[in-house]
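Read the structure below first, then the notes.
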C-alpha cells in the first residue's frame with residue numbers, strides 16, 4: 001500500500017491556511033479558500049482514518065475517528081467559552097444537542113437511505129446498537145433533560161454538586177461503553193458475518209504507514225476544527241446580521257466538526273457495512289456527551305462561568321422523538337429506506353425549528 005499524494009498534501013495545505021487565517025484578517029477570498037480546504041481535509045481525514053482502521057481492525061478503527069474528533073471538538077468549545085464570556089454559557093448545550101440530532105437523525109438517516117436504495121435491506125447487530133442507544137439515552141437525560149426540572153439552582157442549570165455528579169456519571173458510562181465495545185463484547189460491534197466488501201479483503205497497511213496516517217489524521221482533524229473556528233467568526237457575524245437565533249451557531253459548529261464522521265459513515269453504508277456506520281454515528285454522539293460534559297463542567301468551575309445545560313420544551317420534544325424513532329429503527333437488526341426517510345425528516349424539522357422557533 002502506498003500513500004496517495006493528495007492524502008498528505010491537502011492536510012499540509014489546510015494547516016498552512018489555518019496559520020494564515022489565525023495571523024491575517026479573514027477576507028472573503030481567504031474565507032473561500034479555507035472553506036475549500038476544509039472540505040478537502042474532511043476527505044483526507046476519512047482516508048487516513050480508514051487506513052488506521054484497516055490496520056487495527058474494527059471496532060477500534062471507528063473509535064479512533066470518533067474520539068479524535070470529539071477531543072478536538074471539546075477543545076473548540078472550551079476555547080470559545082474562554083473567549084466569549086457569559087454569552088457562550090449555552091454553547092456546550094447547543095453543540096451537544098446538535099451533535100445528537102446530526103448523528104442520530106442526519107447521519108443514521110443518510111446511511112439507511114444510501115444502503116436501502118442500493119441493497120434494499122441491510123443488517124446489523126441488535127445487541128451492540130441497542131447497548132449504545134441505551135447509554136446515549138441515559139447520558140442525554142442526565143446532561144440535557146434533568147437540568148430543566150431540578151430545583152437546586154435557578155433556570156436550566158445544575159448546582160455545583162449536581163454538575164459534578166453528571167460529569168462523573170457521563171465519564172463513567174462512556175468508559176464502560178468503550179470497555180464493552182472494545183473488550184468484553186467486541187463481537188457485538190463487528191460487521192455482520194455475511195456482509196463484506198472488497199476493501200475488507202485487501203492486505204492491511206504496514207505499521208509505518210498506519211502511524212503516518214494516524215499523524216496525518218490528527219493534523220487533518222486539527223485543521224478541520226481550526227478552519228471551522230476561522231470560518232465561524234464570519235458565520236457568527238452573518239447570523240447576527242440576519243437575526244438568526246444564537247443556537248444556530250452551535251448547530252453549524254457541530255455540522256462542520258462532524259463532517260469527517262458523516263462522510264466515513266456514508267461510505268461504509270454504501271459498501272454494505274451498516275454496522276460500521278452505526279458505530280460511527282452512535283459512538284460519536286456518546287463521545288460528544290461523555291467527554292464534553294466533564295471538561296466543560298471543569299472549565300465552568302475554574303472560570304466561574306454559569307453553564308446552561310437544560311433544554312427548552314421544543315428541544316425536549318425533538319430529543320424524545322429522536323430516541324423513540326431510533327428505538328424502533330434498531331429493534332429488528334434490519335433496516336430499509338423508509339426508516340432512513342423518517343430520520344431525515346426529523347433532522348429537517350430540527351433545522352427548520354432552529355431557524356423558525
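No value in this document is a laboratory result; all are computed from the given coordinates. Keep in mind that what you see is a predicted model, and the values were worked out from it rather than measured. No Cβ is skipped: glycine too gets one built from the backbone with ideal geometry, and neighbour counts run over all protein chains shown.
Full extension of the chain segment joining residue 206 with residue 355 gains 48.8 nm, where the gain is 0.36 nm per residue of separation less the Cα-Cα distance. Computed on the chain, with alpha-carbon pairs under 8 angstrom and 6+ residues apart, the relative contact order is 39 percent. Taken along the Cα-to-beta-carbon direction at a fixed 7 Å, the label points for residue 186 and residue 312 span 4.6 nm. Put in order of Cβ neighbour count within 10 Å, fewest first, the listed residues 97, 355 become 355, 97. Model label sites at residue 320 and residue 35, defined 7 Å from Cα along the beta-carbon direction, differ in position by 3.9 nm. Distance between the C-alpha centres of the stretch 17-55 and the stretch 153-180: 33 Å, rounded to the whole angstrom. With a Förster radius of 41 Å applied to the C-beta separation of residue 121 and residue 16, the computed FRET efficiency comes to 0.35. The stretch 254-303 and the stretch 105-126 have Cα centres lying 18 Å from one another. Computed from the Cβ-Cβ distance with R0 of 22 Å, the FRET efficiency linking residue 159 to residue 246 stands at 0.35.
Given R0 = 25 Å, the distance between the Cβ atoms of residue 138 and residue 303 translates into a calculated FRET efficiency of 0.30. Between the labelled values (i) 1.12; (ii) 0.90; (iii) 0.96, the entry that holds Cα Rg over 2.2 N^0.38 Å as derived from this structure is (iii).
Taking each DSSP H run with n ≥ 4 as -39500 (n - 2.57) and averaging over every residue of the chain yields -24500 deg cm²/dmol at 222 nm. The overall shape of the stretch 100-165, judged from the alpha-carbon gyration tensor, is prolate: a/c is not under 1.5, and a/b is greater than b/c.
Packing-based ranking of 104-111, 321-328, 218-225 yields 104-111, 218-225, 321-328, ordered from highest to lowest mean Cβ neighbour count within 10 Å.
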